[in-house]
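The values are calculated or read from the model by the stated rules, or taken from the named source; none is laboratory data. Fair warning: this is a prediction, and the values are worked out from it, not measured in the lab. Because the Cβ atoms are built from the backbone with ideal geometry, glycine has one as well, and the counts that use them run over all protein chains shown.
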Amino acid sequence: MPAFKMGFQKLQGTVCVTGAGGFLGSWVVHLLLSKNYLVRGTVRDPLDEKYAHLNQLPNASSNLKLVKADLLDYPSLFSAIQGCSGVFHVASPLPSSPVDLIEPAVTGTLNVLKACLEAKVERVVVVSSGAALMMNPSWPDTRAMDESCWSDVEHCRAIENWYCASKTEAESKAFEFGKANGLDVVSACPNLIFGPILQPTANASSLLLAKLLKEGHDLEDNRHHRIVDVRDVAEALVLVYEKPEAQGRYICTSHSVHVKDIVDILKDEYPSYNYPKNFTDGQQKKEMSSEKLQRLGWSYRSLQETLVDSVESYKKAGLLD
């Protein structure tokens with residue numbers, strides 16, 4: 001499985017990654033360890049077997065410590081963050097229902113930032129989402145969305161898109177807190193994240209891709225997706241952490257495609273799977289631009305590499321059996 005470029009690095013200091021055991025969090029931990037950072041990863045239970053993959057990463061035995069923390073439990077967060085020079089806030093709370101997304105997302109993010117302020121952290125990287133940009137009815141159709149575009153929270157509430165509302169609220173509150181308290185906050189807004197999995201269980205986007213290979217629907221919704229590789233997102237997060245000139249938001253997206261385009265690539269590589277037979281007419285979404293992130297030095301993998309590496313990891317994990 002292609003991963004990151006490894007090489008000798010001097011010790012980079014201690015950083016904290018919230019939600020270290022998830023799809024993206026695992027790759028962020030992997031990259032930081034490969035760059036010889038000391039990493040504290042927050043998880044719900046450090047002894048749970050579902051986090052065992054983290055302890056098997058290169059340099060984990062010497063440079064990784066898993067700690068128990070909950071986004072809604074401030075003392076546990078402060079304990080995890082104290083003594084760190086940087087924090088990557090990757091975790092999202094698990095709500096009891098979709099409508100309950102907003103308050104824990106905002107409270108959890110503010111708890112992390114308050115702990116960072118108290119612990120005198122130098123920079124916080126907040127993982128937001130393209131969802132915090134894309135629900136903006138007033139944005140011109142002919143103009144690619146850039147970092148100045150924010151989702152309209154009232155519009156999100158009106159159409160009951162609680163995920164977009166929660167991501168928008170949490171990110172905007174993070175910047176408000178940083179500005180008011182002199183805390184260096186930068187954010188990254190990735191879109192739909194594909195790529196190989198490190199964790200033993202499937203996440204939502206992995207299931208979405210696996211279903212295209214397995215379920216063989218007679219008619220599939222030819223939805224439009226903006227896609228980015230999980231490894232490229234991890235590299236973007238570390239890039240905006242390490243570059244002193246980084247500031248504000250960074251859209252993190254690579255490929256703008258329809259579901260049929262994804263299936264066509266997969267069919268060429270893996271012709272024997274049970275693909276959808278027909279597709280609806282696909283509607284085009286407004287484009288998003290990662291130009292600001294690319295100016296900082298970011299680049300991304302081909303869609304074919306992302307899809308092939310995804311499928312190979314699913315096969316290894318038994319998701320396609």
Legend entry - For Ile193: the one exception among (1) closer than 21 Å to Ser129 by Cα; (2) surrounded by fewer than 20 Cβ atoms within 10 Å (Cβ to Cβ): (2)
Inset, instruction - Please specify each residue of segment 257-291 satisfying the condition of being within 21 Å of Glu147 (Cβ to Cβ) and either at pLDDT below 95 or touching a Ser or Thr at 6+ places or on another chain (Cβ under 9 Å) (or both). - result: Lys285, Lys286, Glu287, Met288, Ser289, Ser290
Inset, instruction - With the condition kept exactly as written, say whether any residue in segment 277-292 is of a type in the set (A, V, I, L, M) and under 21 Å from Ala202 (Cβ atoms). - result: no
Inset, instruction - Could you list, in sequence order, all residues of segment 64-84 that are buried (at least 17 other Cβ atoms within 10 Å of the Cβ), in a loop (DSSP other than H, G, I, E, B) and among the small types (Gly, Ala, Ser)? - result: Ala69
Legend entry - Given (1) over 30 Å from Glu118 (Cβ atoms); (2) in contact (Cβ under 8 Å) with a residue 60 or more places away in the chain; (3) out of contact with any Lys or Arg (no Cβ under 7 Å at 6 or more places or on another chain), number of the condition Leu208 does not satisfy: (2)
Legend entry - Glu122 vs. criteria without any contact (Cβ under 8 Å) to a residue 40 or more places away in the chain and surrounded by fewer than 24 Cβ atoms within 10 Å (Cβ to Cβ): no
Legend entry - Top-ranked residue in segment 207-225 [being surrounded by fewer than 18 Cβ atoms within 10 Å (Cβ to Cβ) and among the hydrophobic types (A, V, I, L, M, F, W, C); ranked as farthest from Pro196 (Cα to Cα)]: Leu219
Inset, instruction - Determine the pairs where a residue that is within 22 Å of Cys252 (Cβ to Cβ), located within segment 300-319, has a partner that is among the β-branched types (Val, Ile, Thr) and modelled with pLDDT of 95 or more with Cβ atoms under 6 Å apart, the partner being 6 or more residues away or on another chain. - result: Gln304/Ile265; Leu307/Ile265; Ser313/Ile197
Inset, instruction - Look at segment 85-110 and say how many of its residues are surrounded by 24 or more Cβ atoms within 10 Å (Cβ to Cβ) and not small (Gly, Ala, Ser). - result: 5
Inset, instruction - Spot the failing condition for Ser138; the list is (1) within 24 Å of the chain's Cα centre (by Cα); (2) surrounded by fewer than 22 Cβ atoms within 10 Å (Cβ to Cβ), and only one is missed. - result: (1)
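Yes/no per residue for (1) within 18 Å of the chain's Cα centre (by Cα); (2) outside any loop (DSSP other than H, G, I, E, B); (3) surrounded by 15 or more Cβ atoms within 10 Å (Cβ to Cβ); (4) of a type in the set (Lys, Arg):
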| site | (1), (2), (3), (4) |
| --- | --- |
| Tyr250 | yes, yes, yes, no |
| Asp268 | no, yes, no, no |
| Leu293 | yes, yes, yes, no |
| Tyr300 | yes, no, yes, no |
| Tyr314 | no, yes, yes, no |
| Asp321 | no, no, no, no |
Inset, instruction - Would you mind listing the helices (runs of 4 or more DSSP H) fully within segment 108-186 where at least 2 residues are at pLDDT 95 or above and farther than 23 Å from Met288 by Cβ? - result: 162-181
Legend entry - Given (1) part of a helix (DSSP H, G or I); (2) closer than 26 Å to Ser205 by Cα, index of the condition Pro93 fails: (1)
Inset, instruction - Could you check, for segment 216-238, whether at least one of its residues is in a helix (DSSP H, G or I) and without any contact (Cβ under 8 Å) to a residue 60 or more places away in the chain? - result: no
Inset, instruction - For residues that are touching a His at 6+ places or on another chain (Cβ under 8 Å) and surrounded by 13 or more Cβ atoms within 10 Å (Cβ to Cβ), tally how many sit in segment 280-291. - result: 2
Inset, instruction - Would you check which residues across segment 262-274 are touching a residue at least 40 places away in the same chain (Cβ under 8 Å) and under 29 Å from Cys189 (Cβ atoms) and list them? - result: Ile262, Val263, Ile265, Leu266
Inset, instruction - Only one of these is in contact (Cβ under 8 Å) with a residue 60 or more places away in the chain and buried (at least 17 other Cβ atoms within 10 Å of the Cβ): Val185, Val153. Name it. - result: Val185
Inset, instruction - Show the residue pairs that are 6+ apart or on different chains and have beta-carbon atoms under 8 Å apart, the first residue being within segment 54-71 and more than 19 Å from Ala91 (Cβ to Cβ) and at pLDDT 95 or above, the second being assigned to a strand (DSSP E or B) and of a type outside the set (Ser, Thr, Tyr). - result: Asn63/Leu38; Asn63/Val39
